[in-house]
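First up is the structure itself, then whatever we jot down about it.
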Amino acid sequence: MENPYLPNLAKIENVIEEVPGARAIKTFKLSFNDEKLQQSFEYEPGQCAMVSILGLGECFFALSSSPTQKGFIEVSVLKLGKVTAALHQKEIGEDLAVRGPYGNGFPVEDWEGKKILCIGGGIGQAPLRSLIKYVLDNRDKYEKLDVIYGARSSSDLCYKKEMFDMEKREDMDVHLSIDNAEEGWDRFVGLVPHNLTRIKPSAKNTIAITCGPPVMIKYVLLSLKELGFEDSQIYTTLEMRMKCGIGKCGRCNIGNLYVCKDGPVFSWAELRQVKGEM
Amino acid sequence: MRKDRIGKLVQILSRNTLYAPVERDGVTTFEKVEKVEDIKFDYQNSDVPPKNVLFPQTETTFKYTLGKDQKIEVPKENGKNIILGIRPCDARSFSILDKVFEKDFLDIYYSEKRENTTLIGLSCNEPGINCFCTSLDGGVGNKEGLDMLLTALEDEYFVEVATDKGKAIIENSPDLFSDASDEHAKKKDEINKRAESLMKRRISVEGIEEKLDKIFDDDLWNEVSMKCIGCSVCTYLCPTCHCFDIQDEATLREGRRIRVWDSCSNPEYTLQASGYNPRPARINRVRNRIYHKYEYYPKNFKVIACVGCGRCIDKCSVNMDIVEVLSRVKEI
Amino acid sequence: MADLAKMRNEIKKIVQRDDVKYVIGYEKGTYGWRVSPSFARTPEEVDKFIFSPLCVNNLAVYLVLEEKLPLPKGVEEEKKKIGIVVTGCDSRSVVQLLQEKAISRDDVVILGVPCSGVVEPKKMKEMFGKEIGTVAIEDKGEKYVIVIDGKRREVLKEELVSENCKTCEYQNPVISDILIGDEIKEKKKESYSKVRELEEKSTQERWDYWKEKFERCIRCYACRNCCPVCNCKECMAEKTTPVWIRRSVSLSENAGFHIMRSLHTAGRCIGCGSCERVCPMNIPLSKLYKKVEKDVIELFDYRAGLDEEEKPLLSVYSVDDSNEYIL
């Protein structure tokens with residue numbers, strides 16, 4: 001019988017420093033030591049994995065690479081606590097222990113033929129990146145792709161190079177923003193919800209997915225409702241403190257939904273009627 | 001089976017790992033026993049439920065070596081277990097816990113032990129003053145989750161077999177058991193009926209799920225949670241509480257990952273590294289616990305995660321009383 | 001013991017004050033002999049208050065349990081006081097909290113009640129564990145008069161009273177805004193007889209004794225959570241960087257936790273016995289904490305929780321302090 005708590009060793013192939021400084025973010029490119037496992041490892045955009053350092057602990061991260069990219073998986077890590085700080089010290093070639101994929105992914109098949117609107121803030125862009133790359137690799141299945149992404153300052157923006165490259169593409173629209181004005185920044189300055197109201201995307205046949213700090217999600221939600229989005233058109237991916245990742249330790253629940261198992265992707269229609277604390 | 005033959009039965013059963021109620025310093029728990037003298041038969045219910053046999057307080061999920069060459073190794077499961085003298089409510093709690101441990105991802109640590117454990121129950125001749133199992137689909141003679149049930153008559157135990165595992169025990173030592181007569185069966189029914197009539201606490205839980213759905217923001221939870229001091233005794237002694245923590249314990253060279261009991265009444269339970277806590281106040285945690293047992297679990301698994309053993313009422317030092325809270329919920 | 005009607009009247013006056021949020025006291029429990037902490041915001045709710053030898057909980061813990069949640073913009077924090085009913089030992093807890101500045105004197109209105117002993121819940125359970133109807137107790141000096149369903153019974157006090165109370169030196173509250181009831185004149189003396197019994201044993205015998213007890217601990221942390229003085233925002237047992245005490249349950253970690261907690265509360269523990277009362281595994285914690293209390297008296301001639309102006313014992317030093325242990 002398969003043991004759901006047993007992780008598999010994976011090597012760090014590459015480390016990209018996305019954001020330096022106090023709130024550092026790094027993206028780790030991992031591949032399982034077991035070749036066969038790496039080839040058979042399948043997941044959907046929005047799913048997550050438990051990455052652990054043996055001897056220290058485990059963390060639940062959203063897989064920020066798309067399943068259409070074969071041969072590796074990527075996770076983006078914000079340095080905040082004991083395990084993430086130790087992760088930031090790891091170098092290329094070292095081993096981590098990974099188990100997954102867990103959670104539900106974005107229902108990408110249901111969304112075929114629709115317009116996709118991604119609204120991200122800070123590290124919240126990580127699961128959205130998986131979705132964006134998936135949509136780009138299946139571009140003809142989706143009508144339109146809009147990405148609204150903002151961070152505190154230009155040095156806090158994740159995936160900078162990728163985002164600037166995506167801005168130049170014809171088959172998608174990218175709207176970047178930072179909270180406070182900076183020299184050399186000629187794009188929008190302000191909070192992400194304000195950027196959203198400025199752009200006024202159409203709600204017709206559109207699915208809006210948002211991820212970021214809780215307070216940003218709250219205001220983005222208000223703006224989306226004003227723009228005419230229905231509850232079933234709004235999706236979000238949440239995070240909680242997690243330990244088992246498989247819905248047994250009882251920690252990450254919002255009402256009767258476990259964020260690790262019934263989530264982390266939820267539609268607002270689902271979240272509205274659940275009785276619990278988020 | 002004659003009561004005086006219980007010693008022989010224990011001898012045969014202890015060829016496996018036998019757990020039975022043992023008293024130390026006034027506290028009854030289920031521990032490994034080898035002799036019938038160690039077993040306490042005249043107890044109402046153990047203070048610590050036998051869930052620690054299938055779901056231990058501390059359990060190693062796997063060991064590993066560190067350094068250049070990391071290796072992971074899962075410890076081997078050992079032999080067969082028998083729990084003797086478990087009450088029907090505690091046995092029923094296992095069939096409730098089965099649902100969460102077996103859904104989606106099978107928890108092999110729990111389910112391997114569950115498969116290798118035989119439960120021999122002892123029905124209650126007299127209920128505790130805080131018992132309310134009959135209000136929750138339970139009963140003093142309920143066989144749910146049990147492999148065999150003993151009811152104490154005058155000089156004999158009335159033995160009922162519920163599963164093949166229970167049958168195997170009789171087939172193993174046929175000379176200890178004899179056929180029961182209708183008289184015996186009648187006696188057993190009388191004893192059970194009498195015991196159930198002595199149960200003072202009763203509450204109807206019909207429609208409790210829908211009711212709780214409506215009153216999530218009611219002021220009742222403020223009142224109820226004010227006196228809770230968050231000591232977590234109720235969660236540790238509850239037979240259906242299954243919250244746990246996963247930790248790593250290691251030296252520089254090697255270590256192990258363990259699973260330990262945890263409690264949702266702990267303020268740090270849901271504390272995130274950013275400092276945000278979705279359940280910062282006692283009202284959130286007390287309400288979450290009651291909702292988890294009577295609304296969330298039934299929504300997910302169609303059964304109320306409470307067996308009515310009454311330990312939480314007995315052991316709470318500030319007299320938090322779930323039956324009283326539920327009757328107030330019904331009144332709103 | 002206090003005159004119940006008089007006590008309720010005094011508390012009603014406090015509850016009606018504009019600057020008081022609520023008063024914490026005791027009310028009848030949901031079955032048998034149980035008594036539950038009660039929070040009264042209106043005079044009607046004060047009518048539920050009782051006071052008897054069944055009131056065992058140390059209510060001072062609620063003063064540090066109140067959560068200070070972040071308020072929405074524009075909403076001011078409600079600066080109101082909390083009234084609390086305390087007996088002799090509980091009042092020392094409140095003084096200890098004042099000494100450590102966990103609460104300030106303006107935050108509380110203290111209603112002191114002189115106490116001639118409370119019952120030991122385990123002994124009550126043995127004797128009256130089967131009674132679901134209300135059990136009421138009256139203290140009549142040497143005896144307790146127990147009334148169940150109208151029937152009266154007399155029991156010798158020493159069969160039911162808590163061991164701690166038998167040698168309590170502070171039966172009158174050491175601090176109060178209002179004193180309800182007559183001061184108790186008798187003076188008892190703490191002889192530490194149980195501690196001395198253990199002290200006289202050899203090291204190996206003592207270790208064997210505690211080894212057996214600590215092995216049974218299930219690390220529920222109830223002892224720590226019910227203690228008013230254990231109010232650290234992050235307990236040393238929960239710390240992960242570094243790990244002082246591992247989460248796994250084993251003799252070494254359990255012993256580590258209990259010994260560390262007894263040392264962290266040295267000079268702060270006032271011996272209310274709540275930790276031993278709540279322990280579900282019946283570990284005799286009062287022996288451990290009384291030993292530390294005895295050591296503190298012998299080494300520093302200091303007793304916790306007596307004077308709110310005094311500085312906490314282990315938070316200050318003077319240049320005359322002994323330096324012999326420094327090599």
The number of residues in segment C:129-170 that are more than 14 Å from chain B (Cβ to nearest Cβ) and on the phi > 0 side of the Ramachandran plot is 2
Selection over segment B:7-59 where residues are in contact with a strand residue (DSSP E or B) (Cβ under 8 Å, 6 or more places away or on another chain), closer than 29 Å to B:D98 by Cβ and in a helix (DSSP H, G or I) yields a count of 5
TODO: Considering every residue within segment C:23-37, establish whether at least one is within 14 Å of another protein chain (Cβ to nearest Cβ) and part of a helix (DSSP H, G or I).
DONE: no
ask   = Is segment C:246-263 home to any residue that is in contact (Cβ under 8 Å) with a residue 40 or more places away in the chain and away from every other protein chain (no Cβ under 14 Å)?
value = yes
Subset of segment A:121-138, residues open to solvent by less than 10 Å² (accessible area, probe 1.4 Å) and more than 17 Å from A:L157 (Cα to Cα), comes to A:L131, A:V135
Of the residues in segment C:95-128 that are within 14 Å of chain B (Cβ to nearest Cβ) and open to solvent by less than 20 Å² (accessible area, probe 1.4 Å), the one that is farthest from C:D177 (Cα to Cα) is C:F128
Per the filter on segment B:237-271, residues of a type outside the set (S, T, N, Q), surrounded by fewer than 22 Cβ atoms within 10 Å (Cβ to Cβ), within 23 Å of C:R219 (Cβ to Cβ) and more than 7 Å from every other protein chain (Cβ to nearest Cβ) are B:R256, B:P267
Screening A:E109, A:E91 for residues that are open to solvent by 10 Å² or more (accessible area, probe 1.4 Å), in a loop (DSSP other than H, G, I, E, B) and more than 21 Å from A:F32 (Cα to Cα) leaves only A:E109
The residue that is nearest to B:N142 (Cα to Cα), considering only those in segment B:277-305 that are open to solvent by less than 20 Å² (accessible area, probe 1.4 Å) and part of a loop (DSSP other than H, G, I, E, B), is B:A305
Looking across segment B:317-332 at residues that are open to solvent by 20 Å² or more (accessible area, probe 1.4 Å) and hydrophobic (A, V, I, L, M, F, W, C), the single one that is farthest from the other protein chains (Cβ to nearest Cβ) is B:I332
Considering segment A:251-278, residues that are open to solvent by 10 Å² or more (accessible area, probe 1.4 Å) and more than 22 Å from A:E44 (Cα to Cα), and then whichever is farthest from the other protein chains (Cβ to nearest Cβ), we arrive at A:R272
Across (1) open to solvent by less than 60 Å² (accessible area, probe 1.4 Å); (2) touching a helix residue (DSSP H, G or I) at 6+ places or on another chain (Cβ under 8 Å), C:G133 clears everything bar (2)
Just one listed residue, out of B:K214, B:K200, B:K188, B:K227, is charged (D, E, K, R) and without any contact (Cβ under 8 Å) to a residue 12 or more places away in the chain, and it is B:K214
Only one of B:S204, B:S274 is surrounded by fewer than 22 Cβ atoms within 10 Å (Cβ to Cβ) and within 10 Å of chain A (Cβ to nearest Cβ), namely B:S274
When every residue in segment B:141-194 that is of a type in the set (D, E) and surrounded by 17 or more Cβ atoms within 10 Å (Cβ to Cβ) is compared, the one farthest from B:C309 (Cα to Cα) is B:E156
| task | Restrict the check to segment B:12-25 and report whether at least one residue is open to solvent by less than 50 Å² (accessible area, probe 1.4 Å), within 14 Å of another protein chain (Cβ to nearest Cβ), at pLDDT 80 or above and within 23 Å of B:A152 (Cβ to Cβ). | result | yes
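The values are calculated or read from the model by the stated rules, or taken from the named source; none is laboratory data. All of these numbers come straight from a predicted model, not from anything done at the bench. Reconstructed Cβ throughout: ideal geometry from the backbone, glycine too, with neighbour counts over all protein chains shown. All accessible areas refer to the heavy atoms of the entire protein, side chains included, with ligands and DNA or RNA removed. Shrake-Rupley method; radii C 1.70, N 1.55, O 1.52, S 1.80 Å.
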